[in-house]
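**Q** Please see the structure below; I have some questions.
The values are calculated or read from the model by the stated rules, or taken from the named source; none is laboratory data. As the structure is a prediction and not an experimental result, all values here were calculated from the model. Glycine also receives a Cβ, built like all others from the backbone with ideal geometry; neighbour counts cover every protein chain displayed. To get the accessible areas, we keep the full protein, side chains included, count just its heavy atoms, and leave off ligands, DNA and RNA. Shrake-Rupley method; radii C 1.70, N 1.55, O 1.52, S 1.80 Å.
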Amino acid sequence: MKTASVVAVAVFRESVRDKVFYNLALFALVLIGASIVIGQLTAGQDVKIIKDLGLSATSLFGVFIAVFVGISLVSKEVDRRSAYPLLAKPIRRGEFIVGKYAGLLLTLLVNTVVMTIALYAVLFMLSRGVPANVQRAWDAPAMDPALLKAMALVYVDIAVVTAVAVFFSSYSSPMLSAIFTLGVYVAGQFSADLRHFDDVVSAPAASVIARVAYYLLPDFSKFDVKLAVVHGMPVSAAYLASSALYALVYIAALLFGASAIFARRDFK
């Protein structure tokens, strides 16, 4: 674990230096600029729209970083042979994979925390000066703590996407890894529909394929509570815990598979 933590810290430093601050600056500009414009155009819906926009932007930026940084964590280092000196040292290849994953996950955690602070800051500015009777008519208060639940599941969603990207990166090229990861992510959004695919398609083979895909693909819709939170609907702690446990099982399986595949690769 000590070796994996050293790799993780190295990945975190490299990711922060190269990617994160550009992302954060762009996010802040988009969010603040949108809040000013929307605040002028909407009547009473500005807070709700900013919440939706902020949560969606956090998810989109996080998935973007997870895919396009995650696919290069292993494959590019192997292609450039920059990983060879590290693998020549007494380090297990599984520790290399876990360290890479943990480093990017740490980067994404910082990313998500800063975006959450930026969202709350914008909501605070928008709610200032709004009469109390108007605020009571909102579905949820501007500084709603439930936003943290949505942000937590956004981070869990990103963690699963990162694991998928690392898995494909362990044996495939960056281009194919990106295509596979985005394919899994998009298909995983409709995982629940795959379960009932035989209700709308009569072909038995297609139904079998859809059912197999349903059991293999992670159900990313489990991590999406953005709409519920924005409209003030409750999200229970039990649901958060079950979703996190579901994600943990997938992440463990993907990292185990990536480690097993990477351990069998011949770099001579």
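**Q** How tilted is helix 21-41 with respect to the longest principal axis of the chain? Cα atoms for both, answer in degrees (0 to 90, nearest 10).
**A** 20
**Q** Could I ask something else about it? With a 1.4 Å probe and every protein chain left in place, work out the accessible area per residue of the chain in Å², rounded to a whole number.
**A** 53
**Q** Note the direction-averaged projected area, equal to a quarter of the hull surface, for the Cα convex hull of the chain, in nm².
**A** Over every viewing direction, the Cα hull of the chain projects on average to 17.0 nm².
**Q** If I fit a long axis through the Cα atoms of helix 237-264 and take the longest principal axis of the Cα atoms of the chain, what angle between them do I get, 0 to 90°, rounded to 10?
**A** Tilt relative to the chain: about 20 degrees.
**Q** Still on this model: Tell me the carbon and sulfur percent of the accessible area for the chain, rounded to whole percent, probe radius 1.4 Å.
**A** After summing per-atom areas, the C and S share lands at 69 percent.
**Q** Using the C-alpha atoms of region 107-178, what convex hull volume per residue, in cubic angstrom, is computed?
**A** Taking the convex hull of the Cα positions in region 107-178, it is 102 Å³ per residue.
**Q** Compare the Cα positions of Ala121, Ala140, Ala163 along the charge dipole of region 49-168 (+1 at Cβ of Lys, Arg; -1 at Cβ of Asp, Glu; about the Cα centre) and return the one farthest towards the positive end.
**A** Farthest towards the positive end: Ala163.
**Q** Give, to the nearest whole percent, the P(r) tail of region 111-268 beyond 28 angstrom, counting all Cα pairs.
**A** Above the 28 Å cut-off, region 111-268 has 40 percent of its Cα pairs.
**Q** Going by average Cβ density within 10 Å per residue, which order do the peptides 117-129, 237-249 take, highest to lowest?
**A** Ranking the peptides 117-129, 237-249 by packing returns 117-129, 237-249.
**Q** Grab the eigenvalues of the alpha-carbon gyration tensor for region 162-212, scale each by 5, take roots, and send me the semi-axes largest first in whole angstrom.
**A** Computed over region 162-212, the values are 27, 11, 8 Å.
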